[in-house]
Amino acid sequence: MKWKVCGMREMDNIQEVAKAKPDYMGFIWAEASPRYVGEDFVIPQAVLGKTIAVGVFVNRAVTSIIDLSQRAGFTWVQLHGEEKDEEILALKKAGLTVIKAISVADKQDVEGLGLAPDFYLFDTKKGKQTGGTGQRFDWDILAAYTVGKPFILAGGLSKENVVEAIELSKKYPIYALDFNSKVEIKAGLKDVQKVREISEILAEN
C-alpha cells in the first residue's frame, strides 16, 4: 500500500519525515491553509529522495499551477476546489499527474464522477475550515463509487485505523493512504514518531 504525508512545510521536519520513505509528500499552495508553504517555496528534491512531491491547490489558475510546478519542482498536483474537467485535462497535457479531491459526506458525493483525473482523493467533507478535519467519513459510502479509477483515501487516518484501511483495499481500488492532521504536533509540523510507526505498520501489512 502506497502512502502520502500531506501538509509539509518546515524544512527540518520534511527531512525527518522523508527518512520514513513515504511514497508521496504534499505541499500546500493555498493561502487560506495554515499549512501554506508560501509562493517562494521550492521542493527540496535532494531531501525527498524517491518520495514524489505533490503540489496542493484550491481553485488556482491552470497557468499559475504549471508555472509554479516548473519553478518549485513538482510533477503531481492535487486539486481541492471546483476545478472543471477542461482544467484537469490542460494540466495533464502539460505533463502533470492530477489528483482530484472530493469531499465526502454521503454516497451522492462519489456517484457519477468523470474520468478526467488520474486519481481521485476522497476526504471528509468539512465546514468553513480549510484543511483536514481529522475525522474520517463513513467508509461504507465507498460502495457507491463505480468509476473504477484508483483513489487515495484521506480523512482522519492514523496508526489506530491504518490496518482497517488496508483491509478496505480488498474491496475498493485504493491506490494510497493520505495522512495529515492525525500525525501532527501542530499545523504543518508532523510528529516524526507517529509517521515512523505508520511506516512500520504499512511495511508489515
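The values are calculated or read from the model by the stated rules, or taken from the named source; none is laboratory data. Note that the structure is predicted; figures quoted are calculated from it, not measured. With ideal geometry, Cβ positions are generated from the backbone for all residues, glycine too; neighbour counts draw on all protein chains shown. Remember, those area values only see protein heavy atoms, side chains included, never the ligands or the DNA or RNA. Shrake-Rupley method; radii C 1.70, N 1.55, O 1.52, S 1.80 Å.
Seen through its C-alpha gyration tensor, with square-root eigenvalues sorted a ≥ b ≥ c, region 68-148 comes out oblate because a/c lies at 1.5 or above while a/b is not bigger than b/c. Solvent-free Debye calculation, one equal scatterer per alpha-carbon of region 22-103: log10 I(q)/I(0) at 0.15 Å⁻¹ equals -0.48.
Quick check for me: using +1 on Lys/Arg Cβ and -1 on Asp/Glu Cβ, what's the dipole size of region 162-205 about its Cα centre, in debye to the nearest 20?
Values: 7 positive and 8 negative charges, 28 e Å.
I would put it at about 140 debye.
Once the mean 1/r over all distinct Cα pairs of region 129-205 is inverted, what Kirkwood radius in angstroms do you read off? When all Cα pairs of region 129-205 are included, the Kirkwood radius is 13.3 Å.
Could you give the C-alpha radius of gyration of region 43-82 expressed as a fraction of 2.2 N^0.38 Å, taking N as the number of residues it contains?
1.20
When the alpha carbon coordinates of region 11-61 are projected onto the principal axes, the ranges are 31, 18, 16 Å, largest first. The 3J(HN,Hα) values that the Karplus relation (6.51, -1.76, 1.60; θ = phi - 60°) gives for region 84-99 are, in residue order, 8, 4, 5, 5, 4, 5, 5, 5, 5, 4, 7, x, 9, 8, 10, 9 Hz. Gly and Pro appear as x. Across region 67-77, computed HN-Hα scalar couplings (Karplus, 6.51 cos²θ - 1.76 cosθ + 1.60, θ = phi - 60°) run 4, 5, 4, 6, 7, 8, x, 9, 10, 10, 10 Hz from first to last residue, x flagging Gly and Pro. If the segment from T63 to A32 were pulled out straight at 0.36 nm per residue, it would be longer than the present Cα-Cα gap by 9.1 nm.
Using the Cβ-Cβ distance between L115 and A143 with R0 = 25 Å, the FRET efficiency computed as 1/(1 + (r/R0)^6) comes to roughly 0.80.
Of the residues K182, K50, K100, the one that moves most in a GNM of the chain with alpha-carbon contacts below 10 Å is K50. The amide H of V56, built 1.01 Å from its N in the peptide plane, has F27, I28, W29, Q78 as neighbours under 5 Å, considering only residues 5 or more places off or on other chains. The length gained by stretching the chain between D191 and E204 to full extension, at 0.36 nm per residue less their Cα-Cα distance, is 2.6 nm. Just the protein heavy atoms count here, and of the accessible area of the chain at 1.4 Å, carbon and sulfur take up 48 percent. Three principal axis extents of the chain based on alpha-carbon atoms, in descending order, are 41, 40, 31 Å. Across region 30-42, computed HN-Hα scalar couplings (Karplus, 6.51 cos²θ - 1.76 cosθ + 1.60, θ = phi - 60°) run 9, 4, 6, 7, x, 9, 4, 7, x, 5, 9, 5, 10 Hz from first to last residue, x flagging Gly and Pro.
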